[in-house]
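In what follows, a single structure is set out as structure tokens and then discussed.
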Amino acid sequence: MSQENVETMRTGIDRWNAGDMAAVREALDAEIIMRTPEGWPEPGPYVGREAVLRQLEQNRATWDTDTFEPISNFIDGADRVVVRMIWHGAGRGPDSDMEFTHVYTLRKGKIVFIEYFWDHAEALETLGLSE
């Protein structure tokens, strides 16, 4: 199942980058929880699909265009997938490139937990790994 989770996340990032928020919504479990990185302006956590989508769409609305670019391999951690990415945003002010490590927990093909980290090593520790 874990390789399937990696493929689910690759597809999810492609859908985000294509602006397909209906597909992003479909990938989220109804009871999803999302935790933003330490120091994020809206600290959360966000509980439930609607709350998570509101936050994601609010973040996305900051720019005219935005994309996630994986800059590491996807790490298969059984029910979790870890990937380091840069979030590129352009338009409405200065362009932005923010680097995060994303940890996704999946069950039955749906994302049930998202956690973002500024520090890649800290994210890997959630899987008991080190750089």
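Could you tell me which numbered condition TYR46 fails, if it satisfies all but one of (1) touching a residue at least 40 places away in the same chain (Cβ under 8 Å); (2) aromatic (Phe, Trp, Tyr); (3) farther than 21 Å from THR11 by Cα?
(1)
Is it true that PHE100 is closer than 21 Å to ASP29 by Cα, within 15 Å of the chain's Cα centre (by Cα) and of a type outside the set (D, E, K, R)?
So PHE100 fails the test.
Confirm whether ILE86 is among the aliphatic types (A, V, I, L, M) and within 21 Å of ALA18 (Cα to Cα).
Taking the combined requirement at face value, the residue satisfies it.
Is the range 34-49 home to any residue that is in contact with a Gly (Cβ under 7 Å, 6 or more places away or on another chain) and over 23 Å from GLY19 (Cβ atoms)?
yes
Looking at the range 29-73 only, could you name the residues that are surrounded by 16 or more Cβ atoms within 10 Å (Cβ to Cβ), over 12 Å from the mean Cα position of the chain (by Cα) and among the aromatic types (Phe, Trp, Tyr)?
The answer is TYR46, TRP63.
Looking at VAL103, is it modelled with pLDDT of 95 or more and in contact with a Phe, Trp or Tyr (Cβ under 6 Å, 6 or more places away or on another chain)?
no
For residues that are surrounded by 16 or more Cβ atoms within 10 Å (Cβ to Cβ) and without any contact (Cβ under 8 Å) to a residue 12 or more places away in the chain, tally how many sit in the range 74-116.
Residues that pass the stated criteria total 0.
I'd like to check which strands (runs of 3 or more DSSP E) are fully inside the range 43-92 and have at least 3 residues that are of a type in the set (A, V, I, L, M).
Passing ranges, in order: 80-90.
Could you figure out which of (1) modelled with pLDDT of 90 or more; (2) out of contact with any Phe, Trp or Tyr (no Cβ under 6 Å at 6 or more places or on another chain) isn't true of PRO94?
(1)
Would you check if THR126 is surrounded by 14 or more Cβ atoms within 10 Å (Cβ to Cβ), of a type in the set (S, T, N, Q) and in contact with a strand residue (DSSP E or B) (Cβ under 6 Å, 6 or more places away or on another chain)?
In short, yes.
The values are calculated or read from the model by the stated rules, or taken from the named source; none is laboratory data. Being a predicted model, the structure only gives us computed values, none of them experimental. Backbone-built Cβ (ideal geometry, glycine too); neighbour counts: all protein chains shown.
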